[in-house]
RNA sequence: GGAGGGGUGGCUGAGCGGUCGAAAGCACUGGUCUUGAAAACCAGCGAAGCGAGAGCUUCCCAGGGUUCGAAUCCCUGCCCCUCCGCCA
């Protein structure tokens, strides 16, 4: 959520910046709502003041043993007028609040201008594109003997799910373990285990609601929703808290399944396990002091990159352009891994600085010194990494042309020392 | 699932329908004292909104209700705890 006070003072400036994000801020509507709010608030508070004063008088008179009947009569229909004013005030407040909840975060000045993926700016490349002396297969064909079974998933659930079998599942698990251990042991993150189902307040806090209700899987008959990312439960741990400055920075890593309805992505990435309703992710979340968030973004991105490097997967880092930027992010750096099966780079991690946008919704704050001012924290997060896509990258980049996959060094301990994975047998 | 008890400031915990944003203790901050610290003593110390400011308003789980006036009374919901039952 944006700072209303700033928005009030320079709505046109905000509108200008939001254009970069392809968002049309209705300044006229905002100003009208504001004027209404101001009038309703003034009236309500004035009536409340009057009621309080009169009630106090009656109380004092009664304490002196005087007859309070005349004073009570004087109050007249004050109560009625007050409840009408209150109703008006809360109605306009509600409308204003809904209006504000739908405004995305401002893009940072360094965010490239542009409409789509094509306008993202490449920041760096790592690892050469691998050359094969055979035509590389994609992961679906590589695992056609049964390690990946999409048909089985359709039978027991629906499209956009996968069933994995055998050593491939172990590789998937090894990737998870490797990522977690690296972030915990080398990057200083504290691991969290959390619910995979959250209430809507949590989804409002991180910005998935109210705008993206269609993307969530919700449980019927209640207010519970499957998490679309570990970001939601982990960031919401700090909702409604005032932290000691000494507690910052907070760095959490969390491995969770993620559930996405993928509404609006029909026909996109329907082959393989690139875009699934259910996938696993190791998520990095940071809460930092405001002045530390930009450095935090660089560090967090480097932590995610470290995983790719250790796995020896070729990738590039790109700064998302305004049109491609998420709702709550001020800036996002995507890591894209090279997929020989598609002959292109595909997103495998998305690292964002949200500044105080989420913190404002979450009421996640810190006190600078004991007795000092209370400020919003800045929040950041990024995938470190999406496990399913990493598995795909390993299969496609390290195929040997004969149905075997070369297992990266760092995963071998968790694979019982094996150096290759044979996808021809399950 | 059955029965009972609760939800008050960072924590513990008082609170009669009226001067209660709320006693007290702890924690914290400043000061006195001390070479320094501790202890002791003194003082301060919740959050949100509006306003240039003085200040005003709101908040005692949430939402309704009664009343001139609600932390306090009534209703509903949510959550927590205890006991019993069931259970990985």
- Message: Please report the projected area of region A:86-160's Cα convex hull averaged over all directions, in nm².
- Response: 12.4
- Query: Could you give P(r) for region A:117-422, binned at 10 Å from zero, as whole percent values over all Cα-Cα pairs?
  - Reply: 6, 26, 35, 23, 8, 2, 0
- Note on the structure: Distance in nm between residue A:243 and residue A:97 label points, each 7 Å along Cα→Cβ, equals 2.5
- Task: Using DSSP, restrict attention to beta bridges with both residues in chain A and report what percent are antiparallel, rounded to the nearest 5.
- Result: 90
- Using Cα centres only, tell me the gap between region A:142-217 and region A:254-295 in whole Å. 9
- Message: Could you tell me the calculated FRET efficiency between residue A:144 and residue A:262, based on Cβ-Cβ distance and R0 = 30 angstrom, to the nearest 0.05?
- Response: 0.80
- Query: So which residue, out of A:132, A:14, A:259, gets the largest mean-square fluctuation from a GNM of chain A using Cα contacts under 10 Å as springs?
  - Reply: A:132
- Give me A:103, A:184, A:219, A:227 ranked fewest to most by other Cβ atoms within 10 Å of their Cβ, as a rough exposure proxy. A:219, A:184, A:103, A:227
- Would you please give the FRET efficiency between residue A:38 and residue A:269, computed as 1/(1 + (r/R0)^6) with r the Cβ-Cβ distance and R0 = 35 Å, to the nearest 0.05? 0.10
- Query: Rounded to the nearest 500, what is chain A's calculated 222 nm mean residue ellipticity when only DSSP H runs of at least 4 contribute -39500 (n - 2.57) each, over all residues?
  - Reply: -12000 deg cm²/dmol
- Quick one: what does P(r) look like for region A:26-101 with 5 Å bins over all Cα pairs, in whole %? 3, 15, 19, 15, 12, 10, 9, 6, 5, 3, 1, 0
- So how tilted is helix A:293-310 from the main axis of chain A? Cα-based, degrees 0 to 90, rounded to 10. 20
- Task: Order by neighbour count: A:126, A:294, A:338, fewest other Cβ atoms within 10 Å first, most last.
- Result: A:126, A:294, A:338
- Return the single residue from A:375, A:262, A:74 with maximal mean-square fluctuation; model: Gaussian network over chain A, springs between Cα atoms under 10 Å. A:74
- Kindly state, to the nearest 0.05, the FRET efficiency for residue A:27 paired with residue A:157, given R0 = 56 Å and r defined as their beta-carbon distance. 0.75
- For region A:27-93 and region A:402-426, what is the separation of their C-alpha centers, rounded to whole Å? 74
- Task: Multiply the residue gap between residue A:298 and residue A:184 by 0.36 nm, knock off their C-alpha separation, and tell me the result in nm, one decimal place.
- Result: 39.3 nm
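Only the coordinates and a few stated rules stand behind these numbers; no lab work does. In this text, all values refer to a predicted model and were calculated from it rather than measured experimentally. Don't worry about glycine lacking a Cβ; one is built from the backbone with ideal geometry, like all the others, and counts go over all protein chains shown.
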